[in-house]
1. May I ask you to list pairs of residues, at least six apart or on different chains, whose Cβ atoms are under 7 Å apart, with the first in segment 95-121 being under 19 Å from Ala230 (Cβ atoms) and surrounded by 14 or more Cβ atoms within 10 Å (Cβ to Cβ) and the second being at pLDDT 90 or above and of a type in the set (S, T, N, Q)?
2. Given the conditions (1) aliphatic (A, V, I, L, M); (2) assigned to a loop (DSSP other than H, G, I, E, B); (3) farther than 19 Å from Leu285 by Cα, which single one is not true for Val184?
3. Contact list please: Cβ distance under 7 Å, first residue in segment 149-175 and within 16 Å of Asn193 (Cα to Cα) and in contact (Cβ under 8 Å) with a residue 60 or more places away in the chain, second residue in a strand (DSSP E or B) and of a type in the set (A, V, I, L, M), pairs at least six apart or on different chains.
4. Test each condition in (1) touching a strand residue (DSSP E or B) at 6+ places or on another chain (Cβ under 6 Å); (2) closer than 30 Å to Glu306 by Cα for Tyr165 and report the one that comes out false.
5. Would a scan of segment 217-229 turn up a residue that is touching a residue at least 12 places away in the same chain (Cβ under 8 Å), part of a loop (DSSP other than H, G, I, E, B) and surrounded by fewer than 22 Cβ atoms within 10 Å (Cβ to Cβ)?
6. Could you grab me the full set of residues in segment 108-153 that are in contact with a Phe, Trp or Tyr (Cβ under 8 Å, 6 or more places away or on another chain) and basic (Lys, Arg)?
7. Given the criterion out of contact with any strand residue (DSSP E or B) (no Cβ under 8 Å at 6 or more places or on another chain), at pLDDT 80 or above and farther than 24 Å from Val314 by Cα, identify the matching residue among Ser95, Ser76.
8. Could you tell me whether any residue of segment 175-187 is surrounded by 14 or more Cβ atoms within 10 Å (Cβ to Cβ), assigned by TED's automatic domain parsing to the domain that holds Thr282, under 33 Å from the mean Cα position of the chain (by Cα) and of a type in the set (A, V, I, L, M)?
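The values are calculated or read from the model by the stated rules, or taken from the named source; none is laboratory data. Remember, it's a predicted structure, so these values are computed and weren't measured experimentally. Cβ placement follows ideal geometry from the backbone for every residue including glycine, while neighbour counts extend to all protein chains displayed.
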Amino acid sequence: MTKVTYYFRNIDDPEGEIKQHLNSLGSELDFSVIDICLDDNPDLTDQFQGNGSFLQIGPYQLRFPFNDVDIRVAVSAYQNRQKPRDGEVTAAVESEKKVVKITGADKFSYWLSNNYVWFISIFLALFLGLPFLAPVLMKHNEKTPAQVIYSVYSIFCHQLAFRSYFFYGEQAFYPRALANMPNVITYEEATGNSALDTASARAFTGNEVLGYKVGLCERDVAIYAALLLAGIFFQLTGRKLKAIPWYFWILLAVIPIGLDGGSQLFSLGGNWPAWFPIRESTPLLRTITGALFGFVTAWYVYPMMEESMKEIRVNMARKLAIKRKLILMDNH
């Protein structure tokens, strides 16, 4: 028997008269009705917001208000499509007792579509937390696991000591002299090394006096922290923020970090002309541009991810609703 799915809003069918009429018409045209209230499912409500009630008959969709002629034509067309052609062996039409199959992959996809922000946030929290664990381990003389952390994170970050935060020392950071920060011990003064020796700056993890280096640089810490906080904010607001245009992302995220970070590239050596601008950013500027990049990137990406995840939730919600109705029909 053909199945007709009736997605309805209470405002369109407050007394259930349309549903009763569809059931009556189904007896005549040999179809059964699966009624699903859109108002009872937030995902379906969001998906079909403003569309009103409608009938789904195979590939055909009839929007409210629909009449008997529309229904007869759509049902007849769908039933004709289901009939086997002459001399052709076809699969049997699914029976009333067959319920919609929901696989383990379906369940996982549905779970992930509802929890992906928390999943990403937990990953970011762990990824951000481990570099801060490294100086703690160094302080407590657990150098082997600390070095493992430094080694792993060296894949993701330059780890230059003069662009990193320090724990347990005289200062929270030791910038280059080129940064021109008054009343601050510079990296050169603290270590006796030249900042142009980048290999030593990467390898230097600190000591009892200066403290111990965080496994990510100042800018990366700001980026991942902003991504983490922005994700939590997005989740707490019901995942309803709209995505910003791509050019806003370029303007607010890419350009500031590109200017601040890119303008430092020429300060690490090279035969540049005397008039060439050489500069070194400060911990504050790196933190601001990194946090701006992380927050705006999250604002750009998360709403787009939500649109994709919403499609998964809507499809699964329809599947679950149809399955529940079919089970009820079987029991009656």
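1. Val117/Gln235
2. The one condition Val184 does not meet is (3).
3. Partner pairs satisfying both residue conditions: none exist.
4. Evaluating Tyr165 over (1) touching a strand residue (DSSP E or B) at 6+ places or on another chain (Cβ under 6 Å); (2) closer than 30 Å to Glu306 by Cα leaves (2) as the failure.
5. First, pick out the residues of segment 217-229 that are touching a residue at least 12 places away in the same chain (Cβ under 8 Å): 217-229.
After this cut, where a residue has to be part of a loop (DSSP other than H, G, I, E, B) as well, the list is none.
No, that holds for no residue.
6. Within segment 108-153, Lys139 is the sole residue that qualifies.
7. Working: Ser95 fails: at pLDDT 80 or above.
It is Ser76.
8. Here is the first cut: in segment 175-187, the residues surrounded by 14 or more Cβ atoms within 10 Å (Cβ to Cβ) are 175-179, 181, 184-187.
Within this subset, residues satisfying the condition of being assigned by TED's automatic domain parsing to the domain that holds Thr282 are 175-179, 181, 184-187.
Still in the list and also under 33 Å from the mean Cα position of the chain (by Cα): none.
Within segment 175-187, not a single residue is surrounded by 14 or more Cβ atoms within 10 Å (Cβ to Cβ), assigned by TED's automatic domain parsing to the domain that holds Thr282, under 33 Å from the mean Cα position of the chain (by Cα) and of a type in the set (A, V, I, L, M).
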